[in-house]
Amino acid sequence: MKMQNTRFLKLASSAVAIWLTVTTIMPYSIISKIPLAKAMSITVDTTSDAIDAGACGTVVFADLPGVGGVISLGEAICVANNEPGADSILFGAGISNSPINITTELPAIMN
C-alpha cells in the first residue's frame with residue numbers, strides 16, 4: 001500500500017509541477033483560448049424530422065442549420081450525441097405548441 005501511495009504522490013507532484021510551469025510560461029491570453037467541453041442549447045425550429053445537416057454520427061453544432069435552413073428534432077439529437085457536455089434541446093416559440101411530424105425513426109439519445 002505504501003508503494004502505491006508513493007507512486008501517487010510522485011505523479012501528483014509531477015502534475016502540479018507541469019501545471020505551474022505551463023501557467024507561468026504561457027500567457028493567460030493563450031490559456032484562455034483552450035477549448036473546454038461546454039454544454040450548449042440547441043433550438044428546434046421546425047416540425048419536420050428531416051436530418052439534412054449531415055450524417056447523424058458526425059454532425060456537430062457548426063453544421064447547423066442543414067440544407068433546409070432549419071433545425072429538426074432529429075438533427076438536435078444527433079448534435080447533442082456528438083458534442084461533449086450535457087446539452088439541452090429546446091423548442092422554438094413557433095413550434096412549442098405544434099406536433100412534430102415524425103416520419104422516420106429518431107436517433108437514440110446517447111448521453
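Peptides 73-84, 96-107, 58-69 ranked from most to least packed, by the mean per-residue count of other Cβ atoms within 10 Å: 73-84, 58-69, 96-107. Residues in the range 85-97 carry Karplus couplings, in order, of x, 8, 7, 10, 10, 10, 10, x, 4, x, 10, 4, 10 Hz; the curve used is 6.51 cos²θ - 1.76 cosθ + 1.60 with θ = phi - 60°, and Gly or Pro positions show x. A simple spin-label model places the labels of Asp63 and Ser96 2.9 nm from each other, with each point 7 Å out along Cα-to-Cβ. Amide H contacts of Ile42 (H built 1.01 Å from N, in plane; Pro and chain starts excluded): Ser88, Ile89, Leu90 sit under 5 Å, all sequence-distant by 5 or more or on other chains.
The numbers here are math on the coordinates, done by the rules we state, and not lab data. Just so we're clear, the structure is a prediction, and the values are computed from it rather than from any experiment. Here the Cβ is made from the backbone with ideal geometry for all residues, glycine too, and neighbour counts use every protein chain on show.
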